[in-house]
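Student: I have a structure here, written as structure tokens, and I will follow up with some questions on it.
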Amino acid sequence: MSIVSMRSFSNLGDDRGSLVVLNQLQEIPFTVKRVYYIYGTKDEVSRGFHAHKELHQLAICVSGSCRMVLDDGHSREEILMQSPEVGVDLPPFLWHEMHDFSSDCVLLVLASDLYNEDDYIRDYEEFLDRQKNDEI
Ligand code: T46
């Protein structure tokens, strides 16, 4: 089974252009408390390299593209984010990395809670240990 959960969104656009709607608890599987977006990422720069303990997020590449690596401690999968009509779930305890940002990439992230540095696991070995302990 894939560790990647993608969500497809309807484009309600018409001959004027595109429009995508994300409703809380419908297209977005949680109550949104925070929104942020990443853009202007420099060439050769990768971001992420962490998992969250409790935070649930939904990431959408609303412009351009980037490659996302997801890792649940057992398997690792890569996805190319390149459509504003597709979101990827970032649930707790899913290690994520973002690579190969195009210069026009805007990565929109909806989050289930406010920013809390204590919720981050930024060390990969610690992430693996915690995953193992969780399974015991
Ligand atoms: C994630 C991926 C997809 C804040 O002060 N408040 C915030 O809400 C956020 C998101 C960040 N920050 C600060 C923390 C750092 O000093 O902004 C700085 C850059 O954050 P970070 O290095 O964590 O950025 P990324 O791109 O590695 O990770 C971000 C999110 O932090 C993270 O939760 O899942 O995007």
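Student: Restricting attention to the range 32-52, report how many residues are among the basic types (Lys, Arg), within 21 Å of Asp104 (Cβ to Cβ) and within 10 Å of the ligand (Cβ to nearest atom).
Tutor: From the range 32-52, those among the basic types (Lys, Arg) are 33-34, 42, 47; that's our starting set.
So of that shortlist, the ones also within 21 Å of Asp104 (Cβ to Cβ) come out as 42, 47.
Imposing the further condition that a residue be within 10 Å of the ligand (Cβ to nearest atom) reduces the set to 47.
Total meeting the criteria: 1.
Student: Can you tell me which residue among Glu54, Glu44, Glu78 is open to solvent by 60 Å² or more (accessible area, probe 1.4 Å), closer than 30 Å to Glu135 by Cβ and free of Cβ contacts under 8 Å to residues at least 24 places away in the same chain? Spell out the reasoning first.
Tutor: Numbers: Glu54 fails: free of Cβ contacts under 8 Å to residues at least 24 places away in the same chain; Glu44 fails: closer than 30 Å to Glu135 by Cβ.
One residue alone meets the criteria, Glu78.
Student: If I ask for residues that are more than 21 Å from Ser102 (Cα to Cα), among the aliphatic types (A, V, I, L, M) and open to solvent by 50 Å² or more (accessible area, probe 1.4 Å), which ones from the range 1-21 would you list?
Tutor: Met1, Leu12, Leu19, Val20, Val21
Student: So, one more: Out of all the residues in the range 105-115, is one or more surrounded by 14 or more Cβ atoms within 10 Å (Cβ to Cβ) and small (Gly, Ala, Ser)? Reasoning before the result, please.
Tutor: We begin by selecting, within the range 105-115, every residue surrounded by 14 or more Cβ atoms within 10 Å (Cβ to Cβ); these are 105-113.
If we keep only those that are small (Gly, Ala, Ser) as well, we get 111-112.
Within the range 105-115 (the criterion being surrounded by 14 or more Cβ atoms within 10 Å (Cβ to Cβ) and small (Gly, Ala, Ser)), the answer is yes, since at least one residue qualifies.
Student: Also, I was wondering about something else. Can you give me the number of residues within the range 58-75 that are open to solvent by 40 Å² or more (accessible area, probe 1.4 Å) and within 15 Å of the ligand (Cβ to nearest atom)?
Tutor: So the answer is 2.
Student: Just to be sure before I move on: is Leu55 near the ligand (Cβ under 10 Å from one of its atoms) and part of a loop (DSSP other than H, G, I, E, B) in the structure I sent?
Tutor: Numbers: near the ligand (Cβ under 10 Å from one of its atoms): yes; part of a loop (DSSP other than H, G, I, E, B): yes.
When the stated conditions are applied, Leu55 passes them.
Conditions (1) without any contact (Cβ under 8 Å) to a residue 40 or more places away in the chain; (2) not in a loop (DSSP other than H, G, I, E, B), marked per residue:
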| residue | (1), (2) |
| --- | --- |
| Gly48 | no, yes |
| Val69 | yes, yes |
| Phe101 | no, no |
| Glu125 | yes, yes |
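The values are calculated or read from the model by the stated rules, or taken from the named source; none is laboratory data. Not measured: the values here are computed from a predicted model. Neighbour counts are summed over all protein chains in view; Cβ atoms, including those assigned to glycine, are modelled from backbone coordinates with ideal geometry. Areas reflect the complete protein model, heavy atoms only, side chains present, ligands, DNA and RNA absent. Shrake-Rupley method; radii C 1.70, N 1.55, O 1.52, S 1.80 Å.
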